[in-house]
1. Please arrange 81, 23 by how many other C-beta atoms lie within 10 Å of their C-beta, fewest to most.
2. Once the Cβ-Cβ distance between residue 37 and residue 115 is put in as r, and R0 is 41 Å, what FRET efficiency do you end up with, to the nearest 0.05?
3. Of 40, 86, 103, which has the largest mean-square fluctuation in a 10 Å C-alpha GNM of the chain?
4. Which value in Å is the Kirkwood Rh of the chain over different Cα pairs?
5. Relative to the longest principal axis of the chain, what angle (0 to 90°, nearest 10) does the C-alpha long axis of helix 3-18 take?
6. Starting from the Kirkwood radius over alpha-carbon pairs of segment 1-45, derive D by Stokes-Einstein at 10 °C in a medium of 1.306 mPa s and give it in µm² s⁻¹.
7. Taking R0 as 30 Å, what's the FRET efficiency between residue 2 and residue 85 from their Cβ-Cβ distance, rounded to 0.05?
8. Can you give the calculated 222 nm mean residue ellipticity of the chain, where each DSSP H run of n ≥ 4 adds -39,500 (n - 2.57) and the sum is split over every residue, rounded to the nearest 500 deg cm²/dmol?
Amino acid sequence: MHEVGIANAILEAVRLESARYATARPRRVSVRIGELAAVDPDSLRFCFEALIQDTELSDLELEIEFCPRRQRCPTCGAEFTVVDYDFRCARCGEEKTDFVSGDQLELASLEMEEYEPSTA
Ligand SMILES: [Zn+2]
């Protein structure tokens, strides 16, 4: 269950970032998860929801962007998404292609929302 650790790291980053704003609070956080990062999006979401419950971040939204594995062909230069573990070049059929991306695990963006100025 390393999703708990990841959810914690996301929240830590959100808290750190939002501490820089006095009049705004975090509204939505987006993360990119590569196919090879071995993170289960559902379980990450579950952990995230559990962690923010009854905290000041309880209405923070989590957006997960899933990034499939991508390969590049050294022969024709094509870049393509791997489907069903088929690493052959989609354009020329080359069998030995190079890994490009798909192991990312990163914060993509954080949306802040301004507080309503209290004029009471
Ligand atoms: Zn090719």
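Bear in mind that the values in this text are calculations on the coordinates, not laboratory data. What you see is a predicted model, and the numbers here were worked out from it, not measured in a lab. All Cβ positions, glycine included, derive from the backbone under ideal geometry; neighbour counts span all protein chains shown.
1. Fewest-to-most Cβ neighbours within 10 Å comes out as 23, 81.
2. Given R0 = 41 Å and the Cβ-Cβ separation, E is 0.75.
3. The residue that fluctuates most here is 86.
4. In the chain this quantity evaluates to 16.5 Å.
5. The angle comes out near 60 degrees.
6. On the way: Rh = 11.8 Å.
Rounded to a whole number, D works out at 135 µm²/s.
7. That pair, residue 2 with residue 85, gives E of 0.80.
8. Mean residue ellipticity at 222 nm (helix-derived): -7500 deg cm²/dmol.
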